[in-house]
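Read-outs throughout are calculated quantities, based only on the coordinates presented, and are distinct from any laboratory measurement. Computed from a prediction, not measured in an experiment: that's the story for all the values here. For neighbour counting, all protein chains shown are included, and Cβ atoms are generated from backbone atoms with ideal geometry for every residue, glycine included.
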Amino acid sequence: MKTRDKILLSSLELFNEQGERNVTTNHIAAHLAISPGNLYYHFRNKSDIIYEIFQEYEKLVDFYLDIPENRPLTLSDMTFYLESVFDGLWSYRFFHRDLEYLLDRDQRLRNDYREFTNRCLAAISRIFEKLADGGILEPQSEILRSAMSLNVWLVITNWMAFLKTAHAAKPPPA
C-alpha cells in the first residue's frame, strides 16, 4: 500500500477513535512511524487529508445511492440502502460528529458538502418514488417526498451527534 493511502486510512482511524480536533498531523505521522516531513510531502495540512477522506466518503455514498432505473425497488433494496448508508456513516463517523466545525474551516469542503447533500436528497426522494412504484409505500406528492427526504437526511447525518450526546457519561454529582 502506498504511503499516501496509509496516511488516509490511519487518519480516518484516528479521527474516528479520538475525534478530528484531538489528532494533529504529528499524531498521524507518529502513528505511521513516518516523519512529519514525509506526511507533508503527500498532504499540505490536515485540512487536505480531511478533504480527501470526504471525497472517498462521497464516492461511497454515491455508489450506495445509485438507484436502478429499470425496475421498482423492493424491501430488500430498502434494507440494503439503510444498512449501506449506516455502515458508511459509521466508517466515517468523525465527519458527521464534527460537521459544522469542519465545514466552517474549509470553503471547498463546505461547497462540496452542499452539492453532496443535494445529490443525497434527490436520491432519497427517488428511493421513495421507486418504493411507491413497487407497492412498498403509498405514492406521495413531490412536496411530501421532499419533506420526507429531508427528514431522513437530518436523522442520518445527525445520528452520530445524537449518540454522542444521548449516551454521554453523566457528570459527577456536585
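Quick check for you: which residues of the range 82-115 have the amide N under 18 Å from the point 7 Å beyond the Cα of Y64 toward its beta carbon?
82-99, 113-115
Determine ³J(HN,Hα), in whole Hz, for all residues of the range 129-141 in sequence, where each value follows from phi through the Karplus function 6.51 cos²θ - 1.76 cosθ + 1.60 and θ = phi - 60°; x replaces Gly and Pro.
Each residue's phi maps through the Karplus curve to give 4, 5, 5, 5, 4, x, x, 7, 10, 6, x, 10, 5 Hz.
Around Y81, with a cut-off of 14 angstrom between Cβ atoms, what is the net charge of the other residues, counting Lys and Arg +1 and Asp and Glu -1?
Working: positive: R126, K130; negative: D62, D66, D77, E83, D87, E129.
Net of charged neighbours comes to -4.
Within the range 1-79, report the trypsin sites (Lys or Arg not before Pro) that DSSP leaves as loop and that have at most 16 other Cβ atoms within 10 Å. Working shown, then result.
Details: sites: K2, R4, K6, R21, R44, K46, K59; in loops: K2, R44.
Hits after loop and neighbour filter: K2, R44.
Need the full-extension length gain, T165 to R44, defined as separation in residues times 0.36 nm minus the C-alpha distance. One decimal, nm.
Numbers: separation 121, 0.36 × 121 = 43.56 nm, distance 3.30 nm.
Extending this stretch completely gives an extra 40.3 nm.
Grab the DSSP H runs of the chain that are 4 residues or longer, score each as -39,500 (n - 2.57), total them, divide by all residues and round the 222 nm result to the nearest 500 deg cm²/dmol. Walk me through the numbers on the way to the answer.
On the way: 9 runs with 131 residues, N = 174.
The per-residue figure over the chain is -24500 deg cm²/dmol.
Using θ = phi - 60° and the Karplus curve 6.51 cos²θ - 1.76 cosθ + 1.60, what whole-Hz ³J(HN,Hα) does each residue of the range 144-157 get, with Gly and Pro shown as x?
So the J values, rounded to whole Hz, are 5, 4, 5, 5, 5, 4, 4, 5, 4, 4, 5, 5, 4, 6.
Restricting to DSSP loop positions (anything but H, G, I, E, B) with no more than 10 other Cβ atoms inside 10 Å of their own Cβ, which GluC sites (Glu not before Pro) remain in the range 65-106?
Values: sites: E69, E83, E100; in loops: E69.
Hits after loop and neighbour filter: E69.
Give a residue-ordered list of calculated ³J(HN,Hα) values for the range 44-54 (Karplus: 6.51 cos²θ - 1.76 cosθ + 1.60, θ = phi - 60°; whole Hz; x for Gly, Pro).
5, 6, 5, 4, 5, 5, 4, 4, 5, 4, 4
Taking the Cα atoms of the chain, what is the range of coordinates along each of the three principal axes, in descending order and whole Å?
57, 51, 29
Which residues in the range 116-145 place their backbone N less than 15 Å from a point set 7 Å from the Cα of L75 along the Cα-to-Cβ direction?
Label zone hits: 131-132, 134-138.
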